[in-house]
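Quick notes on the structure that follows.
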Amino acid sequence: MDGNHSPLSHHNKGHSPPAQPERDGSFNYDIESTDGGGAWLGSAADALLRYDEDGAGGPREPLLRKRTMNTTSQIAIVGANVCPVESLDYEIVENDLFKQDWRSRKKQQIFQYIVMKWTLVLLIGLFTAVVGFFNNLAVENIAGFKLLLTSDLMFKQRYFTAFLAYGGCNLVLAAAAAAICAYIAPAAAGSGIPEVKAYLNGVDAYSILAPSTLFVKIFGSILGVSAGFVLGKEGPMVHTGACIANLLGQGGSRKYHLTWNWLRYFKNDRDRRDLITCGSAAGVAAAFRAPVGGVLFALEEAASWWRSALLWRTFFTTAVVAVVLRGLIQFCRSGKCGLFGQGGLIMFDLSSTIPTYSTQDIVAIVVLGVIGGVFGGLFNFLLDRILRAYSFINEYESSLYICLHKLKFNFNLQHHIVFRFWSAGEVLHTRSFSPITVSIITSACSYGLPCTPCPVDAMEQCPTIGRSNFQCPPGHYNGLASLFFNTNDDAIRNLFSYGTENEFRMSTLFIFFIAVYCLGLVTYGIAVPSGLFIPVILAGASYGRIVGTLLGPLSDLDPGLFALLGAASFLGGTMRMTVSVCVILLELTNDLPMLPLVMLVLLISKTIADSFNKGVYDQIVVMKGLPFLEAHAEPYMRNLVAGDVVSGPLISFSGVERVGNIVQALKITGHNGFPVVDEPPLSEAPELVGLVLRSHLLVLLSGKTFMKEKVKTSGSFVLHRFGAFDFAKAGSGKGLKIEDLDFTDEEMDMYVDLHPVTNTSPYTVVESMSLAKAAILFRALGLRHLLVVPKTPGRPPIVGILTRHDFMPEHIHGLFPNIHKSH
């Protein structure tokens, strides 16, 4: 894990630190016997003299430092699973091995790297398209069989039996989705977009992109959507694409002898980040058949780092998705994909409409944008409260439950999640609003639907859209059935349909909107793979049609176009995306003339909603406890400098260090990086050599290239013993651990030269740099460690190390409780 270091002192040179009990797991425990004390000097003490400027002109308060160690949580919720999190390291480690490897690379190896990079993005697009097509085909066939069975029973006037069959199918599908999610991969619960977004921001956890998560994401999403839940498979497809990219980018498996020499180039966080960005874009492209929208989604919402080369590869990936999907759809049109599977995915073609709009229509669009912003802000607020309520229900109530994890959790006063580990026999319960309960509620809402008389001015005898008849008597139809008793994709098609002014009554649209809005809120928190795109589009399209019906005398726009604009406004109000949502909707509907109106309604809804709260995915990232770094620094960081927030104690090594000291430090800490400092006689004066990573130390120790004397070597024997790829990152985080190594007493007293594996050019900042500036630098470069060096000479060459957790608001406000959060 990341090291949280202080400006205290270096690691003891020549003797081991006092033995401390070894901790279980890989959590980041600080080595500190006292909290505070007189040892805090230099920049940490300077905080006592700094004042917080009250923007209102009030009295200045001293920024008293309350404690010295970083106590921010090192675990977070991934899906419905709780696991330790680490930071990814996108920095290039420029040590002697790296430099030798680059000098020795030939044109053939560079060509291999380029070919493999394009081959992998091709495979990502291919596999993601196949999975997206399979998901849609499976949902259409399973849901179609369920609806056909129910309709046949209703034709025979066996209504109660039909409801039992309909509700029973939904119940079995829901239970299966919840079971595989709970017992195989709890990390697959939810949409997965917050987790992918956090990963691309530099937050790693084993379960985020694990193969088991991929398996449950695919089949859990199929089962959940087929069960009739008000959720979509589009959000989970983003996570699925990221999992596929991660699996392909692992660099092979030595354990199963599946490695290939060419794949070794991708055993680093930088290349994996690019592949997973391509995977997330491919997921959107496969879900919506929107290749350009997928690229823009990755750029606007998912990725934290972007460059032109990545744009080109991402676009290539989504283009592959579009081509493969089109070929598969053509295949299915021959009738070879089952009774119901046509492979159309969700494509709502409105190109036959030719919208013309006037000033009155612009006023209606503004009204839709305001409504979308208000409803979107309210949706995010209620979802936040409901997810927190689920957490309390899961902890305190005792009813029907599914075992998820050996843990309970509650919230602290700042509404951040705090976790407490319990004995192995304790479990986290899914109670009250379990998938079973929500399934029963959803089935009841979508079955008991009343019939209404046909409109007297209808062009046909009765509306025929969707399942409008729904076993109604002559002269009646059921508009609710065409929305409820249908797949979510078909319900959207019906709402977006052109020339259907008389198909849906106002009461029908209002009931459907309330039901979808509420069911979308309660469904997202259950332990099944679930996306928010479809519930939001359904709710937005519903109130869009309502507004279109009310403003019909004043506007020339078709109600189906109002439904599209309503969906856009609600998407902008909840997810706060503009460019990507605009392009996705236009690619979905093939309706380019609507571009100006969609742009306008998105801008208005996002602006209104931003005045209430953050976007839904940003809120969920915070709620899950993922240490996400924003692109901007918080205003109160301007009142602090880098030296104020380093925490500790600092553990450093000499350039030639005793083996026993290294082993002991690795055992009693979870730090990922250690400064290397040369002191006389290795150098004339104390100087910072660089930073050595924990994983590199373990590989170096496993080779046992030790010396009996403490002398600096040329490092040639290390360069001959190891290659650069020996220090590459292991797949799925399964690298060496200190527990895997065994040393004799004689070896523990020997020395090892750390210079060949030390990154001699780590990023450093002076201790007096503004914390806001350091935070922006840290995120922009994708760092895991940022070394803080002293401003004045005559002091130790390093003050401390800043990690991701040192920039978290919990840590800063814990150090300085009286700092104003709003400044």
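The values are calculated or read from the model by the stated rules, or taken from the named source; none is laboratory data. Being a predicted model, the structure only gives us computed values, none of them experimental. Neighbour counts run over all protein chains shown; Cβ positions are idealised from the backbone, glycine included.
Points to keep in mind about this one:
- Residues that are surrounded by fewer than 24 Cβ atoms within 10 Å (Cβ to Cβ) and among the hydroxyl-bearing types (Ser, Thr, Tyr), drawn from segment 200-223: TYR206, SER207, SER212
- The residue list ILE798, ILE819 contains one member that is more than 28 Å from the chain's Cα centre (by Cα), among the aliphatic types (A, V, I, L, M) and closer than 30 Å to PRO681 by Cα, which is ILE798.
- Candidates are the residues of segment 297-312 that are of a type in the set (A, V, I, L, M) and within 21 Å of GLN619 (Cα to Cα); the one that is surrounded by the fewest Cβ atoms within 10 Å (Cβ to Cβ) is LEU299.
- When residues of segment 210-226 are limited to those that are among the aliphatic types (A, V, I, L, M) and out of contact with any Lys or Arg (no Cβ under 9 Å at 6 or more places or on another chain), the one farthest from PRO627 (Cα to Cα): LEU223
- Of note, LYS708 satisfies the criterion of being more than 31 Å from the chain's Cα centre (by Cα) and either within 30 Å of HIS813 (Cα to Cα) or modelled with pLDDT under 90 (or both).
- Some residue of segment 744-753 being closer than 21 Å to ASN95 by Cβ and β-branched (Val, Ile, Thr): yes
- Every residue from segment 278-319 that is assigned to a helix (DSSP H, G or I) and in contact with a Leu (Cβ under 6 Å, 6 or more places away or on another chain): PHE288, ALA302
- Only listed residue being modelled with pLDDT under 75, in the same structural domain as GLY800 (by TED's automatic domain parsing) and farther than 28 Å from LEU802 by Cβ, chosen from GLY733, GLY723, GLY703: GLY723
- Residues of segment 558-587 classified as surrounded by fewer than 24 Cβ atoms within 10 Å (Cβ to Cβ) and under 18 Å from ASP361 (Cα atoms), total: 1
- Every residue from segment 148-199 that is surrounded by 14 or more Cβ atoms within 10 Å (Cβ to Cβ) and on the phi > 0 side of the Ramachandran plot: GLY190, GLY192
To keep it simple, each residue is scored yes or no on (1) under 19 Å from the mean Cα position of the chain (by Cα); (2) more than 21 Å from LEU571 (Cβ to Cβ); (3) not charged (D, E, K, R).
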{"position": "CYS278", "(1), (2), (3)": "yes, yes, yes"}
{"position": "ALA282", "(1), (2), (3)": "yes, no, yes"}
{"position": "ALA286", "(1), (2), (3)": "yes, no, yes"}
{"position": "VAL292", "(1), (2), (3)": "no, no, yes"}
{"position": "ALA302", "(1), (2), (3)": "yes, no, yes"}
{"position": "ARG307", "(1), (2), (3)": "no, yes, no"}
{"position": "ARG313", "(1), (2), (3)": "no, yes, no"}
{"position": "PHE316", "(1), (2), (3)": "no, yes, yes"}
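- Pair list, Cβ < 6 Å and 6+ apart or interchain, from segment 78-103 residues that are closer than 19 Å to GLY192 by Cβ to residues that are among the basic types (Lys, Arg) and surrounded by 16 or more Cβ atoms within 10 Å (Cβ to Cβ): none
- Filter pass, LEU164 being over 30 Å from THR240 (Cα atoms), modelled with pLDDT of 85 or more and either touching a His at 6+ places or on another chain (Cβ under 9 Å) or not β-branched (Val, Ile, Thr) (or both): yes
- Residue in segment 680-700 that is more than 31 Å from the chain's Cα centre (by Cα), of a type in the set (A, V, I, L, M) and modelled with pLDDT of 90 or more present: yes
- Within segment 701-714, being among the aliphatic types (A, V, I, L, M) and surrounded by fewer than 20 Cβ atoms within 10 Å (Cβ to Cβ) holds for MET707, VAL711.
- Residue in segment 87-110 that is buried (at least 22 other Cβ atoms within 10 Å of the Cβ), in a strand (DSSP E or B) and within 28 Å of the chain's Cα centre (by Cα) present: yes
- Pairs with Cβ under 9 Å, 6+ apart, first in segment 368-394 and β-branched (Val, Ile, Thr) and surrounded by fewer than 21 Cβ atoms within 10 Å (Cβ to Cβ), second at pLDDT 95 or above and not in a helix (DSSP H, G or I): none
- When the test is whether a residue is closer than 30 Å to VAL528 by Cα, of a type outside the set (Ser, Thr, Tyr) and modelled with pLDDT under 85, CYS278 does not pass it.
- Selected residue (criterion: surrounded by the fewest Cβ atoms within 10 Å (Cβ to Cβ)) from residues of segment 730-787 that are within 23 Å of ARG273 (Cβ to Cβ) and among the basic types (Lys, Arg): LYS734
A quick yes/no check of all residues on (1) small (Gly, Ala, Ser); (2) within 30 Å of LEU449 (Cβ to Cβ); (3) under 14 Å from the mean Cα position of the chain (by Cα):
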residue	(1), (2), (3)
THR161	no, yes, no
ALA165	yes, yes, no
CYS169	no, yes, no
ALA176	yes, yes, no
LYS197	no, no, yes
SER212	yes, no, no
VAL216	no, no, no
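- Qualifying residue in segment 382-403 (condition: closer than 30 Å to ILE142 by Cα, in a loop (DSSP other than H, G, I, E, B), at pLDDT below 75 and among the aliphatic types (A, V, I, L, M)): yes
- Within segment 621-642, the set of residues being in a helix (DSSP H, G or I) and either over 14 Å from ILE776 (Cβ atoms) or of a type in the set (Asp, Glu) (or both) comprises VAL621, VAL622, MET623, TYR636, ASN639.
- Restricting segment 547-585 to residues that are within 24 Å of SER611 (Cβ to Cβ) and over 27 Å from the mean Cα position of the chain (by Cα), the residue that is modelled with the lowest pLDDT: VAL547
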